[in-house]
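To start, the structure under review is shown below, and the notes come after it.
Where a number appears in this text, it was derived from the coordinates with a stated rule and is not lab data. In this text, all values refer to a predicted model and were calculated from it rather than measured experimentally. Virtual Cβ from ideal backbone geometry, glycine too; neighbours counted across all protein chains shown.
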Amino acid sequence: MKVREIMTSDPLTISPNHKVCEVVNIFIANKIDGAPVLDENGKLVGLFTKSHIYRAISRGLDMNTKVEALMTRKILTGHPEDEFGDVVNATVPRLPVVNENGRVVGIITRGDIAKAFFNSYRNMSLELDTIINSTHNAIISVDEKGIIKVWNLSAAKLLGIEAEDVAGKNILDVLPTTKLMDVIQTGKVETFMKVKLNDRYFMSNRSPIKKDGKIIGAVAVLQDISELDKMSKELCYVKELNEELDAIVESSFDGLFITDGKGYILRYNKAFEQLTGIDAHEYLGLSVEDIRRDGIISEPVTCHVLEKKKSITIMQTSKTGKLTLTTGNPVIDARGEIIRVVCNVRDITELNLLKHKLKKAQGLSQHYENQLRTLKMRYDNSENLVVSSAKMRHLLDMVIRLASVDSTILITGESGTGKELIAETIHSNSSRRDKPFIKVNCGAIPENLLESELFGYNGGAFTGAKKEGKSGYIELASGGTLFLDEIGEMPLNLQVKVLRFLQNKEIIRVGGSSVINVDVRIVAATNRVLLEMVQQKQFREDLYYRLNVVPVHVPPLRDRKDDIPPLAAHFLEVFNYKYKKNKKISQAVVDILMQYDWPGNIRELENLIERMVVTTIDDNIAGEDLPSYLRDKVGISSSYIIVSGIVPLRDAVESVEKQLLERAYANYRTTRQMAKELKVDASTVVRKAAKYCIIRDS
Ligand SMILES: Nc1ncnc2c1ncn2[C@@H]1O[C@H](COP(=O)(O)OP(=O)(O)OP(=O)(O)O)[C@@H](O)[C@H]1O
Ligand SMILES: [Mg+2]
């Protein structure tokens, strides 16, 4: 504080020529008891106070005596910019203040000093109050009797008691556990003591308040540690969580690799070290770019995640040669910034190896499955196919193998050799077995219908067509197998379309324009020698080669006579069951059957056994029960009709007609071909075949 702040400015001054009596009147009128004395130039020359007046009276001096005769000439002065503290010690009761020009600008009296002290005390006290109340710590002080003197705002807040409620009360009545009275007794400072006050924990510092060496009170500063307590518990939990996380990260079988949002490596686990061959702390704090530069990982996924800001999975190779599948996941904070990238690195080297092994094992099991199926087919008659001769066994082995691939198959062989049965076997042993097997007899469907039957048609394609259109056999067979029987009978114009379908697996319905994709496997069959037909321009060469990708030739029965006994036994069982009979065949019959040439192949044998089961009276079928042509044929190769007795001509003619038609049918199957061989009209064949019930299924 400066002198100018506390001085009384422009004080009343007197002249050295003033008489004492005049000064008395001035002092009384201005209620002062002293004044600086200035000469005619305004210069300070002395100080005149009431003491000078008392002295004049006591000496009996004349009241007209001049001031200059009595005033104090040697006086201390102050300067306005002097520190208050420097002048306050001056023992003079009055201190004129003179500026640098020697002019009196003020005076400091004892009253001024008292006022200054009081103001300063008030300011300090206010400051102290503010400090005490603005601290977060509770501050409590008591006097030597324990009466509460200070109770700051934090004390009120933390302890839940307002200052006015405790004012004048004894601390022992308000908070008995502060131990402030102990401090008053011992006079000892106590620091960092944990105390519990009103259910809260505090760290307390207690000190005695001393004056002139005597204890006049005590003060306690209390820091609330309830929050701290809570925080330390939370910290403990976080520590445990961290340990748990460490354990999880370390025990993971997959490699874990974690960076911050800038690609700096924060941690990686043991599995990652093993995958990459790096040491525990080698790359901590370095950048993922260092990992790339050192070739630890071919293509760090972290870089991609940071760039694309989303989860990314890629394959990588590590320096140790491991193949890994790595997924990088960004961890994004509330502001949408990436703060971590967590990569999961899975070693798929083993997995790949296993995959290969599995593939091999699957191939092997497929192989065994095929073999098993072949075996089953061979020995299980439930499949309706009797296979006994070596020729047929080989054929069946091949058929089963072919069944599993999707190639087009052409089955050739004489009529009645079992081509259709082979086609069915191919289908039922293929992966298409649960999808349709559609058979189309190209020789049985009139030429003009065959196209729409095969390819389908759209509504209004031709007169008599259904309004809503119709799908053809090819579409119906979708996913399955289409069996084109008697393919040799297919008209040339249709052959082009079938060829196109075989090439593109696409069809266009009759009267339609859109292309329909159909997944169908084609199996074709014929008893004609297609190559000859090709030479005679009756069959398209391109279609022939397209069909003949895998040829399957079914040998005639005469070339595999070993099959005759099991076939005969098979058909006997079938027809015995069908007609509820119990017929048996004698060895003699089997011998004759073995000698016969079987132009009609298995169908002929089947028909023969059926006829005998139905017609013979005795349960044992004997050689005599066999039709004469067969008995006679054995050992005789004449193709002429031999008459063995007199019978009505009409019956004989009918019998011969019937036998001829049966054989023709057995050999040729189509009425067209039968008519050609018998040298009659096709209509005659149809009529007579109907009369003798020869063609059962058409
Ligand atoms: N190996 C066999 N085991 C049992 N039955 C057979 C066998 N081969 C053929 N068959 C039977 O013989 C008859 C004629 O067979 P399939 O119709 O398959 O011959 P195909 O060669 O198609 O004759 P086509 O050329 O006249 O059409 C059928 O009833 C069939 O069940
Ligand atoms: Mg057939």
### Query
Stretched out fully, how many nm does the piece from Ala334 to Tyr368 gain, at 0.36 nm a residue minus the Cα gap?
6.2 nm
### Task
Report, in deg cm²/dmol and to the nearest 500, the calculated mean residue ellipticity at 222 nm for the chain, where each DSSP H run with n ≥ 4 adds -39500 (n - 2.57) and the sum is divided by the residue count.
-13000 deg cm²/dmol
### Query
For segment 53-105, which trypsin sites (Lys or Arg not before Pro) are both in a DSSP coil and crowded by at most 16 other Cβ atoms within 10 Å?
Arg73, Lys74
### Message
What lysines does Lys309 reach when the alpha-carbon gap must be under 17 Å and sequence neighbours fewer than 8 apart in one chain are set aside?
### Response
Lys262
### Message
Starting from the 7 Å offset along Cα-to-Cβ, what nm value, one decimal, do you get for the label separation of Ser9 and Thr317?
### Response
9.4 nm
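In segment 313-346, which trypsin sites (Lys or Arg not before Pro) fall in coil by DSSP and have 13 or fewer other Cβ atoms within 10 Å?
For trypsin sites (Lys or Arg not before Pro) across segment 313-346 that sit outside H, G, I, E and B with at most 13 neighbouring Cβ atoms in 10 Å, the list reads Arg335.
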### Query
Gain in length, Asn493 to Leu353, computed as 0.36 nm per residue apart minus the alpha-carbon separation, to one decimal in nm?
45.0 nm
### Query
Where does the chain land on the Kirkwood hydrodynamic radius, alpha-carbon pairs, in angstrom?
40.4 Å
### Query
Expressed in whole Å with the largest first, what are the equivalent ellipsoid semi-axes of segment 195-352 derived from the C-alpha gyration tensor as the square root of 5 times each eigenvalue?
53, 16, 15
### Summary
Taking segment 135-224, the lysine pairs whose C-alpha atoms sit under 14 Å apart (8 or more places apart or on different chains) add up to 10
### Query
Using only Cα atoms, what is the ratio of the radius of gyration of segment 643-698 to 2.2 N^0.38 Å?
1.15
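Which loop chymotrypsin sites (Phe, Trp or Tyr not before Pro) in segment 423-517, with loop taken from DSSP, have no more than 16 other Cβ atoms within 10 angstrom of their Cβ? Walk me through the intermediate numbers first.
Details: sites: Phe437, Phe455, Tyr457, Phe462, Tyr473, Phe483, Phe501; in loops: Phe462.
Hits after loop and neighbour filter: Phe462.
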### Query
With Cβ to Cβ distances under 13 Å as the rule, what net charge do the other residues near Thr684 carry (K, R +1; D, E -1)?
+3
## Note on the structure
Counting Lys and Arg as +1 and Asp and Glu as -1 over every other residue whose Cβ sits under 12 Å from the Cβ of Lys233, the net charge comes to -2
### Task
Step through the residues of segment 525-534 one at a time and calculate ³J(HN,Hα) from phi using the Karplus curve (6.51 cos²θ - 1.76 cosθ + 1.60, θ = phi - 60°), rounding each to whole Hz and writing x for Gly and Pro.
9, 7, 9, 8, 8, 4, 4, 5, 4, 4
## Note on the structure
Simple spin-label estimate for Glu234/Val550, 7 Å along Cα→Cβ, in nm, reads 7.5 nm
### Query
Tell me, what is the FRET efficiency for Glu83 and Ile26 to the nearest 0.05, using R0 = 35 angstrom and their Cβ-Cβ distance as r?
0.65
### Message
Using the Karplus curve 6.51 cos²θ - 1.76 cosθ + 1.60 with θ = phi - 60°, what ³J(HN,Hα) values do you get for each residue of segment 654-659, in whole Hz, with x for Gly and Pro?
### Response
4, 4, 5, 4, 5, 4
### Task
Using 0.36 nm per residue of separation minus the Cα-Cα distance, give me the extension gain between Ser251 and Glu144 in nm, one decimal.
32.0 nm
## Note on the structure
Of the listed links Lys270/Lys359; Lys419/Lys679; Lys308/Lys357, those spanning more than 30 angstrom between alpha carbons are Lys270/Lys359; Lys308/Lys357
### Message
Which of Glu677, Glu606 has the fewest other C-beta atoms within 10 Å, and how do the rest follow up to the most?
### Response
Glu677, Glu606
### Query
Ordered by residue, what ³J(HN,Hα) values in Hz, to whole numbers, does segment 502-519 give under the Karplus form 6.51 cos²θ - 1.76 cosθ + 1.60, where θ = phi - 60° and Gly and Pro are x?
4, 6, 9, 6, 10, 10, 10, 5, 4, x, x, 10, 7, 8, 10, 8, 10, 9
#### Entry: Coordinate range along principal axes, alpha carbons of segment 380-553, Å, largest first
54, 40, 26
#### Entry: Local electrostatic count, Arg500, Cβ distance below 14 Å [Lys/Arg +1, Asp/Glu -1]
+2
### Task
Beyond 32 Å between alpha-carbons counts as too far, so tell me which of Lys391/Lys439; Lys470/Lys676; Lys435/Lys497 fall in that bin.
Lys470/Lys676
### Query
Given labels modelled 7 Å from the Cα in the Cβ direction, how far is it in nm from Asp290 to Asp62?
10.9 nm
